[in-house]
Structures are given as structure tokens and as C-alpha cells.
Amino acid sequence: MITLSQRLKRRNENDNTPVPRAPIRDRLLVKEAQEMSQLLPASCSVHYPNENDLSKFTLIVQPTEGYWEGGTFRFDINVTEEYNMVPPIVKCSTKLWHPNISESGDVCLSLLRRHSVDSMGWSPIRRLNDVVWGLHALFTDLLNFEDPLNVEAADQFRHSKEEFKLKVMEYVTSYAKE
Amino acid sequence: MFTKVAMADENDNERMDGDNQKLEKMFTLKKWNAVAMWSWDVECDTCAICRVQVMDACLRCQAESKKDSYGKQDCVVVWGECNHSFHYCCMSLWVKQNNRCPLCQQEWSIQRMGK
């Protein structure tokens with residue numbers, strides 16, 4: 001069986017020309033940024049620090065229901081030059097109590113995983129819109145806390161929803177008010 | 001429309017079984033037209049990776065067309081065993097990190113290449 005990776009291996013031995021990725025990313029971004037802003041969830045907004053650079057923006061999520069209701073959560077999204085072969089880099093800059101987001105801002109979302117053994121990780125058919133809805137879902141849907149980033153928060157969620165809720169509110173009041 | 005008629009028939013039969021009496025059919029089929037359609041046996045004609053038609057040059061080749069300094073091959077289409085098609089250029093980049101079809105996640109192997 002001929003696989004593409006074998007062919008590539010052979011080809012790469014003779015051809016090591018570095019190929020610039022940025023123009024591809026920028027072309028994709030023009031379409032995707034527009035699509036994203038048109039389909040944004042009601043509780044989300046997007047801000048570009050530099051209007052001429054579509055690759056860096058902040059997503060602000062303000063949940064209107066659920067545990068994190070009333071908070072304002074900021075995600076810094078960086079679409080690197082290798083996009084869309086790799087997912088954007090997402091960092092949560094608002095401290096919060098969440099099983100899938102560490103207190104230092106790392107986000108655990110299968111979609112954002114660059115290398116994944118299952119079919120849940122990044123795929124170049126994904127778009128910014130999927131990323132935004134994925135992050136939005138971290139505050140709404142029933143979540144899978146099987147593989148948490150914040151183990152303590154996940155344990156608490158499992159054992160006492162009341163305590164969890166209090167801790168979430170405490171964090172919201174201290175860190176996530178506008 | 002055809003489905004609707006079939007469903008009505010089914011209901012009638014059920015009623016007949018239950019009540020053991022003949023009811024007039026609500027619908028009778030007087031005329032029907034067979035409709036056929038065809039399409040190429042590939043599932044998509046847009047490359048899901050760069051979102052450009054597979055028959056056109058990929059986004060990457062389009063971007064580089066002006067500075068064609070090194071001998072660049074034509075932008076060809078590649079079909080996987082799963083029948084999904086992409087630009088060869090786009091797919092080559094993707095399989096470097098994950099040898100699966102981005103659309104169906106099956107192990108990627110080439111069925112054929114060409115235009």
C-alpha cells in the first residue's frame with residue numbers, strides 16, 4: 001500500500017525547500033474571521049487589539065446561565081502561521097475555577113489538541129467558528145470532566161455540586177467581574 | 001410525495017387488521033414519476049483543507065504562483081481509499097502530523113491521483 005507519508009518521506013529527502021505558511025493562514029483568516037463574527041454565540045464577543053492583524057484576538061465569554069453566570073472570561077487566541085495545519089493557541093487570561101481550565105489559563109478542549117490519537121483532536125477542516133463554539137460550550141453544556149486539567153475542581157464537582165458552585169462564584173466575584 | 005402515499009396505505013392496513021373490516025383507501029396512486037440523479041463518486045468537490053475547489057489550484061499554489069522560482073509541479077488532486085478528495089499539496093502537509101483523512105478519520109491511503 002502506498003501511503004502519502006511514505007511518498008513524502010522520499011520526496012523530502014530531495015526537496016527541503018521551506019514553504020511559507022503565513023499567506024495561507026491570512027487568506028483563510030479573512031473568510032473565517034467573517035464567518036466567526038456572523039455566527040458568534042449571543043454570550044460571546046470578539047476583540048482585535050490590532051485591526052490589521054486577524055491572527056490575534058480576544059474572545060470574551062459572558063455566560064448567562066450555568067455555574068459561571070455573571071462572569072466575564074477572556075481567552076487570548078493566537079492563530080499561528082502554520083494554521084490550519086495546527087490549531088490556534090488558546091490561553092484563558094481570566095482566573096477561574098473550572099475542571100477543564102487550569103488556574104494558570106491552560107485550556108483542555110479536545111478540538112485544540114494538536115496531536116490526538118482519537119478523532120477528537122484538531123483537523124484542518126475545523127474553523128475558528130468551531131473553536132469559539134467549543135470554548136463557549138465549556139460554560140454551558142454538561143461537561144466531560146473525565147480528563148480534567150484542574151483535578152481538584154473536577155473532584156469537587158463530582159463530590160459536592162454545592163461546594164463547587166460556591167467556589168466558582170467566589171472566583172467569579174474576585175477575578176471575573178468586568 | 002411518494003412516501004406519503006405509502007404511509008397512508010400502511011395505516012389503512014393496520015386499521016383493517018384491527019377492525020376486520022374494509023375501509024376505503026384515503027389515497028390512491030394514480031400516477032408516479034421516477035426521478036434519477038447522478039453525481040461523481042467523490043464525496044466533495046471542494047478541498048476541505050484549503051476550501052478551494054479541488055479542480056483549481058490550492059490556496060497555497062495560488063499564493064505562490066507569482067514567485068514560481070523553484071520547479072513546482074502542478075497542483076493535483078488526490079483521492080483516498082475513503083473516496084474523499086483533497087489537493088495533493090494540502091494533504092501532504094496534513095499527513096505529516098496525522099495520517100488520517102481529515103473528514104472521516106480513517107487511516108489515509110491514496111487511491112489515485114490526477115486531475
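Structure notes:
- Debye intensity ratio I(q)/I(0), log10, chain A, q values 0.08, 0.11, 0.15, 0.16 Å⁻¹ (C-alpha model): -0.31, -0.54, -0.90, -0.99
- Look at the alpha carbon pairs under 8 Å that are at least 6 residues apart: their mean separation over the length of chain A gives a relative contact order of 20 percent.
- Exposure proxy ranking, count of Cβ atoms within 10 Å, fewest first, for A:65, A:81, B:24, B:64: B:24, A:65, A:81, B:64
- Computed lengthening from residue A:166 to residue A:53, 0.36 nm per intervening residue step minus Cα-Cα distance: 36.7 nm
- Pairs beyond 24 Å (Cα-Cα), from A:31/A:95; A:95/A:161; A:95/A:165; A:31/A:56; A:56/A:161; A:95/B:96: A:31/A:95; A:56/A:161; A:95/B:96
- Degrees, to the nearest 10: A:4-14 long Cα axis against longest axis of chain A: 60
- Between residue A:159 and residue A:69, the modelled labels are 2.7 nm apart [label points 7 Å from Cα along Cα→Cβ].
- Exposure proxy ranking for B:87, A:136, A:47, based on other Cβ atoms within 10 angstrom of each Cβ and starting from the fewest, stands as A:47, A:136, B:87.
- Simple label model, 7 Å out from Cα along Cβ direction - residue A:137 to residue A:78, nm: 2.6
- Amide proton proximity set for residue B:53, modelled H, under 5 Å, gap of 5+: B:47
Each reported figure results from applying straightforward, stated rules to the coordinates on display, with no laboratory input. All values derive from a computational prediction rather than experimental measurement. So basically every Cβ, Gly included, is an ideal-geometry build from the backbone, and we count neighbours across all protein chains shown.
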